[in-house]
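Reading through the structure tokens given below for one structure.
The values are calculated or read from the model by the stated rules, or taken from the named source; none is laboratory data. It should be emphasised that the depicted structure is a prediction, and the values quoted were computed from it without experimental measurement. Cβ placement follows ideal geometry from the backbone for every residue including glycine, while neighbour counts extend to all protein chains displayed. Heavy atoms of the whole protein, side chains included, go into the accessibility calculation; ligands, DNA and RNA do not. Shrake-Rupley method; radii C 1.70, N 1.55, O 1.52, S 1.80 Å.
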Amino acid sequence: MLGPLEYIVIGFAGNRFDGSIAREIERVVENGTIRLVDIVFVGKDADGNAVILELDNKDDPRFAPFAALLGDRMALLTPEDLEHVASELPVDTSGMVMLFEHRWAEHIKEAMAAAGGFLVARSVIPPEVLEALSEELESHMAAVAARSA
């Protein structure tokens, strides 16, 4: 049974995807944090034309670092899913679409079910909100430190 699934799209302006992000993805897969269910590359050229490429494309060196990550892949993203993602990309942008399972949450999910519990809500806090919050916390900490001095 699959655990909580999530997909993200990591964008690269100017279609400057080089594959170097594979090292960090491999690290979180190897340490059991996530299980990679599907990973696909999408892009939109300067004329607005969409392209969809599986990362097992052997002819493109940008995808070579992902070879070790592709063995367990289940390819659950549909052509319709990928066409939708590509249509949402800005012009002259590429995106890596990752569908992954939150392996860290498997036991929590089992314990929740065994206790008769269920997930009521889940949300991801946008980076812009986290950045603003960090700035507020830094200001607050500086004010506290100034009062203590």
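Below are the figures for this structure:
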quantity	calculated
Output for the range 23-38, where each listed residue is within 13 Å of Ala64 (Cα to Cα) and under 13 Å from the mean Cα position of the chain (by Cα)	Glu26
Exclusive hit being surrounded by 13 or more Cβ atoms within 10 Å (Cβ to Cβ), touching a His at 6+ places or on another chain (Cβ under 7 Å) and under 21 Å from Gly11 (Cβ atoms), set Ile34, Ile25	Ile34
Some residue of the range 39-49 being open to solvent by less than 50 Å² (accessible area, probe 1.4 Å), over 15 Å from Met98 (Cα atoms), touching a residue at least 24 places away in the same chain (Cβ under 8 Å) and in contact with a Ser or Thr (Cβ under 8 Å, 6 or more places away or on another chain)	yes
Selection status of Leu130, closer than 20 Å to Ala22 by Cβ and within 21 Å of the chain's Cα centre (by Cα)	no
Which numbered condition Val51 fails, given (1) farther than 24 Å from Asp72 by Cβ; (2) modelled with pLDDT of 90 or more; (3) among the aliphatic types (A, V, I, L, M)	(2)
Of all residues in the range 1-22 being open to solvent by 90 Å² or more (accessible area, probe 1.4 Å) and not charged (D, E, K, R), the one that is nearest to the chain's Cα centre (by Cα)	Tyr7
Glu88 among the charged types (D, E, K, R) and closer than 29 Å to Trp104 by Cα	no
Elements of type strands (runs of 3 or more DSSP E) contained in the range 1-108, each with 3 or more residues being closer than 22 Å to Pro127 by Cα	5-13, 93-102
Positions within the range 91-124 being closer than 30 Å to Asp45 by Cα and modelled with pLDDT under 90, in sequence order	Val124
Subset of the range 82-120 that is of a type in the set (Val, Ile, Thr) and touching an Asp or Glu at 6+ places or on another chain (Cβ under 8 Å) - its residue that is surrounded by the fewest Cβ atoms within 10 Å (Cβ to Cβ)	Val91
Residues that are at pLDDT below 85, in contact with a Leu (Cβ under 7 Å, 6 or more places away or on another chain) and crowded, with 16+ Cβ neighbours inside 10 Å, drawn from the range 57-81	Phe63, Phe66, Leu69, Arg73
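Each row is one residue, and each column tells you yes or no for (1) within 26 Å of Gly14 (Cα to Cα); (2) not acidic (Asp, Glu).
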{"site": "Leu69", "(1), (2)": "yes, yes"}
{"site": "Leu76", "(1), (2)": "no, yes"}
{"site": "Pro79", "(1), (2)": "yes, yes"}
{"site": "Leu89", "(1), (2)": "yes, yes"}
{"site": "Gly95", "(1), (2)": "yes, yes"}
{"site": "Ala114", "(1), (2)": "no, yes"}
{"site": "Glu135", "(1), (2)": "no, no"}
{"site": "Ser139", "(1), (2)": "no, yes"}
{"site": "Arg147", "(1), (2)": "no, yes"}
